[in-house]
Amino acid sequence: MCSNCNDPSHKPEIKGLDRRKFLVNGAGIAAAAAATPILGAMAQGTEAPFNSEDLNEVTAYGVRSATGAFEKMTIKRRQPRPDDVVIDIHYASICHSDIHTVRGDWGPVKYPMAPGHEMTGRVVAVGSKVTKFKVGDFAGVGCMVNSCMECENCLDDREQNCLNGTTFTYGSDAPDETAGQTQGGYSQKIVVPQHFAVRIPPGVDLAATTPLLCAGITTFSPLQHWDIKRGQTIGVVGLGGLGHMALKLGVSKKADVVVFTTTKNKIADAKNMGAKDAVLWSDEAGMRKYVGALDWIISTVPVAYNMGPFVNLLKLDKTLVNVGAMGPIEGVSGNALVFGRKNISGSLIGGMAETQEVVDYCASRNIKSEIEMITPDQITAAYDRVVGKDVRYRFVIDMKKSA
């Protein structure tokens, strides 16, 4: 794997990465940079120099209605400030949240919208106050692009829970961008404060690292919070984009992982990825085997379902963590919680420090997402396939083919 281009087809010497301090502060556009539209150029010289005027017309792929197909469109990005980096997006992956959002499942949407909150690429420009990146570095952006940075939660590295309102990667108010809202990673470029970009270690498979920016951190954060470790038996409900990362990360922590899936042909996949066991929801005997046997469960299913049978699998005082379904919790009896002193909790992605942590953690252990590469013209069909459970296990869009 090349550390210069992250191309798996050749393997030049990988040089060490300067480990700068991750948490930094700053704001606004550089005076020196304002004197010229060229803020930075690619270190390798393989791409054209960056021109800030190009941010007024950025190629993207989005929809114009809840039922519309994806189409090529032009969006406007805001002009960079001194604490910003501009990233040429190489890869963007499809999260089920993207589908729920653009289809209006979670409430009203402003259109046009280009979604996407898992993206990786190369830094092409940096503001005068940027210390975390230099032009030519690989970087990633996940589910958020700003927060107040002053409230209790932000100061505790939980920017996703900002008390004054997190700015999410798409669909948040942004008067300087298309439709007055942030636009996501299904695009050629993004402008983001350095604090909300993560360093991508050299030598990794860039495309397969991309899903870590949501699927990875969404499952890693609760594993960390509940201190999952060797000797525990944990359950993963659902084996999709999030579920397969929860499985891999759980196995990496030496826990015995039991996967629960509705799809028979995923049983072998789960075991190949390290699961101790894999059980169909419809297998009554298989489900009974784990009643009162699990130390922890993570539910990654992106729609409402009957959680009652899974609560019954928990030991006394243990927790089921929901990271997928955003609607009402279904099928849970108060008796099941009271008599077993069991808990149902939730978790939302993770803070920026923890997002950097999961990227570094996976890079050092060669943990990556199972992906299927597509081109931008295949996004609409890919959405249908995700809904139909026909992806193993994350679609990654090659945005370099978006011209």
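The values are calculated or read from the model by the stated rules, or taken from the named source; none is laboratory data. Since the structure is predicted, the reported quantities are computational estimates derived from the model, not experimental observations. Positions of Cβ are backbone-derived with ideal geometry, glycine not excepted, and every protein chain shown enters the neighbour counts.
Counting residues in the range 319-332 that are on the phi < 0 side of the Ramachandran plot and free of Cβ contacts under 8 Å to residues at least 12 places away in the same chain gives zero.
Across the range 151-158, a minimum of one residue is classified as more than 30 Å from Lys318 (Cα to Cα) and either in contact with a Pro (Cβ under 7 Å, 6 or more places away or on another chain) or touching a residue at least 12 places away in the same chain (Cβ under 8 Å) (or both). Within the option set Ser147, Ser221, being under 16 Å from Glu354 (Cα atoms), small (Gly, Ala, Ser) and assigned by TED's automatic domain parsing to the domain that holds Val301 holds for one residue only, Ser221. Somewhere in the range 93-104, is a residue polar (S, T, N, Q), assigned by TED's automatic domain parsing to the domain that holds Ala381, at pLDDT 95 or above and more than 27 Å from Met373 (Cα to Cα)? Checking the range 93-104: not a single residue is polar (S, T, N, Q), assigned by TED's automatic domain parsing to the domain that holds Ala381, at pLDDT 95 or above and more than 27 Å from Met373 (Cα to Cα).
Of the numbered criteria (1) in a loop (DSSP other than H, G, I, E, B); (2) surrounded by 16 or more Cβ atoms within 10 Å (Cβ to Cβ), the one Glu150 fails is (2).
Determine whether the range 329-352 contains at least one residue that is part of a helix (DSSP H, G or I) and under 18 Å from Leu213 (Cβ atoms). Within the range 329-352, one or more residues are part of a helix (DSSP H, G or I) and under 18 Å from Leu213 (Cβ atoms).
Condition check ((1) surrounded by fewer than 14 Cβ atoms within 10 Å (Cβ to Cβ); (2) under 25 Å from Ala114 (Cβ atoms)) across all residues:
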residue: Ala353; (1), (2): no, no
residue: Asp360; (1), (2): no, no
residue: Ile371; (1), (2): no, yes
residue: Pro376; (1), (2): no, yes
residue: Ala382; (1), (2): no, yes
residue: Gly388; (1), (2): yes, yes
residue: Ser402; (1), (2): no, yes
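Within the range 320-366, the set of residues being assigned by TED's automatic domain parsing to the domain that holds Met307 and among the aromatic types (Phe, Trp, Tyr) comprises just one member, Phe339.
Results for (1) among the small types (Gly, Ala, Ser); (2) under 27 Å from the mean Cα position of the chain (by Cα), shown as yes or no for each residue.
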| residue | (1), (2) |
| --- | --- |
| Asn272 | no, yes |
| Ala275 | yes, yes |
| Asp283 | no, no |
| Val291 | no, no |
| Trp296 | no, yes |
| Asn335 | no, no |
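Scanning the range 205-218 for residues being buried (at least 24 other Cβ atoms within 10 Å of the Cβ) and assigned to a loop (DSSP other than H, G, I, E, B) gives a total of 1. Applying a threshold of 7 Å to beta carbon distances and a minimum spacing of six or more residues, or different chains, the list of pairs starting in the range 71-92 at a residue that is in the same structural domain as Ala381 (by TED's automatic domain parsing) and closer than 17 Å to Asp176 by Cβ and ending at one that is among the hydroxyl-bearing types (Ser, Thr, Tyr) and not in a strand (DSSP E or B) reads Ile75/Thr178; Lys76/Thr178; Gln79/Ser52; Pro80/Ser52; Pro82/Ser128.
Only residues that are surrounded by 17 or more Cβ atoms within 10 Å (Cβ to Cβ) and modelled with pLDDT under 95 were counted in the range 333-351, giving 1. Hey, any hits in the range 87-105 for a residue that's in a strand (DSSP E or B) and under 14 Å from Gln194 (Cβ atoms)? Looking for residues that are in a strand (DSSP E or B) and under 14 Å from Gln194 (Cβ atoms), one finds at least one in the range 87-105, hence yes.
Each residue in the range 132-147 was checked for being surrounded by 18 or more Cβ atoms within 10 Å (Cβ to Cβ) and in a loop (DSSP other than H, G, I, E, B), and 7 pass. Being touching a helix residue (DSSP H, G or I) at 6+ places or on another chain (Cβ under 7 Å) and of a type outside the set (Gly, Ala, Ser) holds for only one residue in Thr167, Thr120, Thr178, and it is Thr120. Within the range 182-202, the set of residues being more than 16 Å from the chain's Cα centre (by Cα) and either part of a loop (DSSP other than H, G, I, E, B) or not assigned by TED's automatic domain parsing to the domain that holds Val126 (or both) comprises Thr182, Gln188, Pro201, Pro202.
For the range 370-386, the criterion of being more than 30 Å from Thr67 (Cα to Cα) and in a helix (DSSP H, G or I) is satisfied by no residue at all.
When you scan the range 54-65, do you find a residue that is modelled with pLDDT under 95 and in the same structural domain as Thr169 (by TED's automatic domain parsing), even just one? Within the range 54-65, one or more residues are modelled with pLDDT under 95 and in the same structural domain as Thr169 (by TED's automatic domain parsing). Residue count for the range 63-101, restricted to those that are under 27 Å from Pro49 (Cβ atoms), over 18 Å from the mean Cα position of the chain (by Cα) and not polar (S, T, N, Q): 13. Restricting the search to strands (runs of 3 or more DSSP E) fully inside the range 219-302 and requiring at least 3 residues that are surrounded by 18 or more Cβ atoms within 10 Å (Cβ to Cβ) gives 233-237, 256-261, 294-299.
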